[in-house]
Amino acid sequence: GTILQVSGLYAPSEKLTAAGEMAYANGDLSLRTRIDVKYRQFGAFGEITRTDKNSPLNSIGAQPGGRKTEALAFYWRPEGRFNLSARFNHTEITRLMNSNLANFERSTFYANAGYKINRNSQLNLRFLDQQIETIVPGSSSKFQIETRSFTISHNLRINRNLINNFETGLNFSHETRAGSDLDSGFNFKEQMQLSRGRNSVTGF
């Protein structure tokens, strides 16, 4: 098809960048906008995309259907030992009427905090919250899955040849509409890596 597309960029400095584009095709409008901000040890970005399900743009690197996405991210990286980051993503895909594929919606929130105990030791805390919803083709019933996990990991370099990685956490997963648990429990991983020259051996 024929697409009329207009894009723009505004970057007054390296700390602020804003970009956007609009595309008109088949009587419908699609758009994308993004902004990046940096200030000292802080940084953030946000992006919104709207692609109409009848747009020819869907044939470029995407499955047929409309697409809505929102993404937000934030990070703090001071010169000291502590760092913090968080991001949120939401995606909604609406299929064409004659498509055998199902509509799909997913939202994810991820947060990570890291602390460098010393030059050989790093501690990380992670939290993940993800929700997925889909509709069975030809049916009005929805399937909704919600997953949450809490993870603690510790990376330790014992000497120049030996590295130890430890990770443990809790995960909870259930189908919200039926109220039934799917996969919940405790996980534990211990991994040791020995390297010498170009060779390495790993056990976990």
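The values are calculated or read from the model by the stated rules, or taken from the named source; none is laboratory data. All values derive from a computational prediction rather than experimental measurement. Heads up, the Cβs are rebuilt from the backbone with ideal geometry, glycines too, and the neighbour counts pull from every protein chain shown. Each accessible area value is taken on the protein alone, full model and side chains, heavy atoms only, with ligands, DNA and RNA left out. Shrake-Rupley method; radii C 1.70, N 1.55, O 1.52, S 1.80 Å.
Annotations for the structure displayed:
- Selection from the stretch 65-89 of residues that are surrounded by 16 or more Cβ atoms within 10 Å (Cβ to Cβ) and either modelled with pLDDT under 90 or part of a loop (DSSP other than H, G, I, E, B) (or both): Gly65, Gly66, Arg67
- Any pair with Cβ under 9 angstrom, 6 or more apart, that starts in the stretch 29-42 at a residue that is polar (S, T, N, Q) and ends at one that is open to solvent by less than 70 Å² (accessible area, probe 1.4 Å) and assigned to a loop (DSSP other than H, G, I, E, B): Ser30/Ile3; Ser30/Asp52; Ser30/Ser55; Gln41/Pro78
- The residues of the stretch 116-132 that are open to solvent by 40 Å² or more (accessible area, probe 1.4 Å) and assigned to a strand (DSSP E or B), listed by number, are Lys116, Ile117, Asn118, Gln122, Leu123, Leu125, Arg126, Phe127, Leu128, Gln130, Gln131, Ile132.
- Subset of the stretch 104-124 (residues that are farther than 26 Å from Thr176 by Cα and either at pLDDT 95 or above or touching a strand residue (DSSP E or B) at 6+ places or on another chain (Cβ under 7 Å) (or both)): Ala113, Gly114, Tyr115, Lys116, Ile117, Asn120, Ser121, Gln122, Leu123, Asn124
- Any hit, the stretch 179-189, residues being open to solvent by less than 60 Å² (accessible area, probe 1.4 Å), touching a residue at least 40 places away in the same chain (Cβ under 8 Å) and within 21 Å of Arg126 (Cα to Cα): no
- Count of the stretch 150-173 residues which are within 20 Å of Ser200 (Cα to Cα), surrounded by 15 or more Cβ atoms within 10 Å (Cβ to Cβ) and of a type in the set (Val, Ile, Thr): 1
- Arg160 falls short on exactly one of the conditions (1) of a type outside the set (S, T, N, Q); (2) over 27 Å from Leu101 (Cα atoms); (3) touching a strand residue (DSSP E or B) at 6+ places or on another chain (Cβ under 7 Å), and that condition is (3).
- Within the set Arg95, Arg106, the sole residue that is among the basic types (Lys, Arg), closer than 30 Å to Phe45 by Cα and open to solvent by less than 60 Å² (accessible area, probe 1.4 Å) turns out to be Arg95.
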